[in-house]
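Structure first, commentary second.
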Amino acid sequence: QVSLVESGGGLVQAGGALRLSCVASGDTDCISTTGWYRQAPGKERELVAAITHGGSTDYADSVKGRFTISRDNDKNTAYLQMSSLKPEDTAVYYCLGSVGYGCYDEPRDFWGQGTQVTVSS
């Protein structure tokens, strides 16, 4: 099992910055990809950014150039540095840990509880 705990959310003015953290515990060596997703009220959860164990990254078009995902494997922590925040970035941000084949009978995804990010205009 993998447990994920996010932190770092809060209220920030437009143009500001926040850094989210996601600390993993449990079968952390099994995590192949860590992702940040967000869900705004009335909208579906969407991928914001993802990073593999090897460091390859992927970003949603809406955050490219403003958000940076990183991962410290020694600390079992993933980060999402967010800058130039916009009101439309307001959402609950969730951390996802994806486990591929090899650790369990089948691939599994684990989610954190989420952290609220509110950007005021």
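The numbers here are math on the coordinates, done by the rules we state, and not lab data. Just so we're clear, the structure is a prediction, and the values are computed from it rather than from any experiment. Reconstructed Cβ throughout: ideal geometry from the backbone, glycine too, with neighbour counts over all protein chains shown.
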For the chain, share of DSSP beta bridges that run antiparallel, in % to the nearest 5: 90 percent
Given charges at beta-carbon only (K, R positive; D, E negative), |dipole| of the chain in Debye: 460 debye
Among Tyr104, Tyr93, Tyr37: highest mean-square fluctuation, GNM of the chain, C-alpha pairs under 10 Å: Tyr104
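Using only alpha carbon pairs under 8 Å that are at least six residues apart, calculate the relative contact order of the chain and give it in whole percent.
Reported as a whole number, the value is 36 percent.
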Cα→Cβ-extended label distance, 7 Å offset, between Thr118 and Arg45, nm: 2.2 nm
18 Å Cα-Cα reach of Lys43 towards lysines, excluding residues that sit fewer than 8 places from it in its own chain: Lys86
Geometric extent, Cα atoms of region 29-121 - Rg, Dmax (angstrom): 13.7, 47
